[in-house]
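Below is one structure, written out as structure tokens; the observations come after it.
The values are calculated or read from the model by the stated rules, or taken from the named source; none is laboratory data. Everything numeric in this text was worked out from a predicted model, so none of it was measured. For neighbour counting, all protein chains shown are included, and Cβ atoms are generated from backbone atoms with ideal geometry for every residue, glycine included.
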Amino acid sequence: MPHVLWHHVGMDEERRRRLRRLGRAYRAAMDAEKKAREALAAEVLAALSAEEPVGEVAREAGFDREWVRRARIAEEKRLADEANKKNSLLSSNAAGLSPNAD
């Protein structure tokens, strides 16, 4: 949440609104890009799991085979990290430990 810094109190209010609006728009675009990238990577993995040819998957996605390879590796790593995190929480709970314990 933006806050007013004392040395910027004199900033033009219209400029302040523009900066905040553009900052929100930028962060929203970054979030949308991340979601689109993850959805595309998941679809690439699904196509590869269905034994679709890598070259055709790449062409239809609008990228090259190297991008497909990197997307596959990144998505598999992300899924493995999520599974490890989930297993870690389950293990902690099974041992009677709170995930928020200090």
> Which of the residues that make up region 7-40 are among the aliphatic types (A, V, I, L, M) and over 21 Å from the mean Cα position of the chain (by Cα)?
Replying inline: 9, 11, 19
> Here are some residues: 58, 28, 36, 32. Which one is part of a helix (DSSP H, G or I), without any contact (Cβ under 8 Å) to a residue 12 or more places away in the chain, among the small types (Gly, Ala, Ser) and in contact with an Asp or Glu (Cβ under 8 Å, 6 or more places away or on another chain)?
Replying inline: 58
> From 33, 43, which residue is acidic (Asp, Glu) and modelled with pLDDT of 95 or more?
Replying inline: 33
> Of the conditions (1) modelled with pLDDT of 90 or more; (2) assigned to a helix (DSSP H, G or I); (3) among the hydrophobic types (A, V, I, L, M, F, W, C), residue 74 fails just one. Which one is it?
Replying inline: (1)
